[in-house]
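Undergrad: Sending over a structure as structure tokens; questions will come in a sec.
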Amino acid sequence: MFVWFIVTAVVAVAFIFDSPAMDFRLVAFGAALPVAEGAMRGPWLLHTPIAAVVLLAGVMLLAQGRRLVQRRWLGVPIGLMAHLVLDGTWTDTGVFWWPFAGLDALGGSRVPEFNRGATGLLLEAAGLIIGVWAWRRFGLGNRTARRLLLSEGRLSSLRRT
């Protein structure tokens with residue numbers, strides 16, 4: 001279940017932040033990263049807001065005084081937060097509020113992404129539909145626009161309609 005998270009996170013972040021310096025490849029990476037916890041009998045830290053907040057603080061501290069570097073790398077924690085929203089992780093109090101709701105909520109179960117059955121397939125289909133719309137909206141049929149996204153992580157036509 002990658003399409004739902006990657007496409008929806010990138011589109012939402014593009015419209016919310018409208019930042020030409022945002023690296024949408026890193027947003028996509030951050031949005032997909034928690035899915036990897038499925039291989040480790042998660043959910044683990046990447047399904048908690050604390051991981052995104054710690055990563056956000058790390059980006060801000062490590063790139064202190066370099067605004068463009070900060071803005072670019074903020075895509076990863078923003079993608080992580082987008083994943084939490086799109087996944088509905090906030091509905092699991094023990095995981096979402098870890099460690100404040102108790103320390104035993106992580107691990108030993110299945111990540112929400114792989115526990116949905118038919119609903120997961122519907123979300124993937126919705127992600128594909130949004131992806132087709134975004135492809136057109138951001139002009140990704142144009143080779144130059146695609147190259148800019150793949151090489152620099154930027155969407156060339158961030159414009160409001």
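Every read-out reported here was derived from the displayed coordinates using simple, explicitly stated rules and does not represent laboratory data. These numbers were taken from a predicted model, which means no experiment stands behind them. When we count neighbours, we look across all protein chains shown, and the Cβ atoms used for this are built from the backbone with ideal geometry, even at glycine.
Undergrad: Please report the net charge: other residues with Cβ closer than 12 Å to the Cβ of Leu149, K and R +1, D and E -1. Intermediate values should be presented prior to the final figure.
TA: Details: positive: Arg25, Arg143, Arg146, Arg147, Arg154; negative: Asp23, Glu152.
For residues surrounding Leu149, the net value is +3.
Undergrad: Would you mind calculating the gained length between Thr144 and Ser157 on full extension (0.36 nm times residue separation, minus the Cα-Cα distance), in nm to one decimal?
TA: The Thr144-Ser157 span can extend by a further 3.6 nm.
Undergrad: Where in the chain is the longest stretch that carries no chymotrypsin sites (Phe, Trp or Tyr not before Pro) classed as loop by DSSP and with at most 16 other Cβ atoms within 10 Å? Intermediate results must be reported in sequence, preceding the final value.
TA: Working: sites that count: Phe2, Trp97, Phe100.
So the longest stretch without any such site is 3-96.
Undergrad: Please list, in order along the range 74-82, the HN-Hα scalar couplings obtained from phi with the Karplus expression 6.51 cos²θ - 1.76 cosθ + 1.60 (θ = phi - 60°), rounded to whole Hz, x for Gly and Pro.
TA: The phi angles translate into 4, x, 5, x, 5, x, 4, 5, 4 Hz.
Undergrad: Restricting to DSSP H runs of at least four residues, report the calculated mean residue ellipticity at 222 nm for the chain, -39500 (n - 2.57) per run over all residues, nearest 500 deg cm²/dmol. Before the final figure, lay out the partial values.
TA: On the way: 8 runs with 92 residues, N = 161.
Roughly -17500 deg cm²/dmol at 222 nm, from the helical runs in the chain.
Undergrad: Can you tell which of Leu122, Leu84, Leu26 shows the greatest fluctuation in a Gaussian network model of the chain with Cα springs below 10 Å?
TA: Judging by the Gaussian network model, the answer is Leu122.
Undergrad: What is the extension gain from Arg136 to Leu62, computed as 0.36 nm multiplied by their sequence separation minus the C-alpha to C-alpha distance, in nm to one decimal?
TA: That pair, Arg136 and Leu62, stretches by 23.0 nm at full extension.
Undergrad: So, one more: Can you tell me how the chain classifies by the Cα gyration tensor, rounded, prolate or oblate, using a/c under 1.5 as the rounded cut?
TA: Cα axes put the chain in the oblate bin.
Undergrad: Please compute the modelled spin-label separation between Thr93 and Ala39, points set 7 Å along Cα→Cβ, answer in nm with one decimal.
TA: 3.4 nm
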